[in-house]
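*Asks:* To start, I am sharing the structure in question, which I have written as structure tokens.
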Amino acid sequence: MIFIGDVAIAPGDKLKHLGFSSAFMRSPVCLNLEGAVSEKDVALSWGVCNSRDWYDSFEGFALGPLFVGNNHIEDIDGGVKTILKYLNRNGLIAFGAGTSSTSACETVIYRSGDFEYVLLGFGWPVIGCKPAKRNKAGINKLEGSRVRELSRLAVEANPGKRVIVVMHWNYEFERYPQPSHRKLAKELID
């Protein structure tokens with residue numbers, strides 16, 4: 001499985017991906033859609049969203065589950081609900097955000113070849129990720145003890161599967177991840 005971060009495609013833009021091997025193109029790709037998909041082409045005065053053209057930029061790729069637990073998913077009104085509805089309508093799966101705190105922390109199980117992946121996503125509120133609440137859409141809150149517990153439960157509930165925890169964290173333009181984030185990542189690997 002291949003992970004690609006921070007995809008935000010403006011209206012009318014289309015990326016051309018050249019020189020990728022056929023093996024790469026057949027591998028499932030998990031994108032971080034950095035911002036919801038706007039049903040109509042809008043110019044935001046601030047923030048990030050994807051136009052409907054984002055999908056055309058990944059034509060030929062084997063799209064797997066999409067991570068949406070980031071700090072720009074709510075830059076358009078109702079962003080979480082909008083992206084979940086859009087992806088569902090197009091046969092795509094999302095994780096890392098939901099319409100409630102319960103659905104935001106749900107895992108996604110994805111099979112590729114001989115492997116089953118269990119995907120769990122989190123976003124760090126310090127950088128603007130808006131946590132879901134009991135009855136309010138948002139991201140799965142990245143908080144150390146919560147990440148450890150939900151990851152432990154995912155591993156226990158899915159023996160023999162590859163559990164992958166995806167984080168949207170740290171400050172932009174930092175040379176190194178936060179010490180607490182490095183520590184948490186090492187704990188999760190262990």
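*Asks:* Might you check whether a residue that is open to solvent by 30 Å² or more (accessible area, probe 1.4 Å) and either without any contact (Cβ under 8 Å) to a residue 40 or more places away in the chain or polar (S, T, N, Q) (or both) occurs anywhere in segment 167-174? It would help to see each step written out before you state the result.
*Replies:* Residues of segment 167-174 open to solvent by 30 Å² or more (accessible area, probe 1.4 Å): 167, 169, 171-174.
Now narrow it down to the ones that are either without any contact (Cβ under 8 Å) to a residue 40 or more places away in the chain or polar (S, T, N, Q) (or both): 173-174.
So far as segment 167-174 goes, yes, one or more of its residues are open to solvent by 30 Å² or more (accessible area, probe 1.4 Å) and either without any contact (Cβ under 8 Å) to a residue 40 or more places away in the chain or polar (S, T, N, Q) (or both).
*Asks:* Within the bounds of segment 72-85, is there any residue that is open to solvent by less than 20 Å² (accessible area, probe 1.4 Å), within 14 Å of residue 29 (Cα to Cα) and either under 14 Å from the mean Cα position of the chain (by Cα) or of a type in the set (A, V, I, L, M, F, W, C) (or both)?
*Replies:* Scanning segment 72-85, I find no residue that is open to solvent by less than 20 Å² (accessible area, probe 1.4 Å), within 14 Å of residue 29 (Cα to Cα) and either under 14 Å from the mean Cα position of the chain (by Cα) or of a type in the set (A, V, I, L, M, F, W, C) (or both), so the answer is no.
*Asks:* It is to be established whether one or more residues within segment 30-53 are assigned to a helix (DSSP H, G or I), at pLDDT 90 or above and open to solvent by 60 Å² or more (accessible area, probe 1.4 Å). Please lay out each step first, then the result.
*Replies:* At the first step, the residues of segment 30-53 found to be assigned to a helix (DSSP H, G or I) are 52-53.
Going one step further and asking which of them are at pLDDT 90 or above, we end up with none.
Checked against the condition, which is being assigned to a helix (DSSP H, G or I), at pLDDT 90 or above and open to solvent by 60 Å² or more (accessible area, probe 1.4 Å), segment 30-53 yields no hits at all.
*Asks:* Right, something else. Within segment 109-122, track down each residue that is of a type outside the set (Ser, Thr, Tyr) and either surrounded by fewer than 18 Cβ atoms within 10 Å (Cβ to Cβ) or under 16 Å from residue 83 (Cα atoms) (or both).
*Replies:* Of all residues in segment 109-122, those of a type outside the set (Ser, Thr, Tyr) come to 109, 111, 113-116, 118-122.
Hits for segment 109-122 are 109, 111, 113, 114, 115, 116, 121.
The values are calculated or read from the model by the stated rules, or taken from the named source; none is laboratory data. Worth saying up front: this structure is predicted, and the values here are computed from it rather than measured. Heads up, the Cβs are rebuilt from the backbone with ideal geometry, glycines too, and the neighbour counts pull from every protein chain shown. These accessible areas exclude ligands, DNA and RNA; they are computed on the full protein's heavy atoms, side chains included. Shrake-Rupley method; radii C 1.70, N 1.55, O 1.52, S 1.80 Å.
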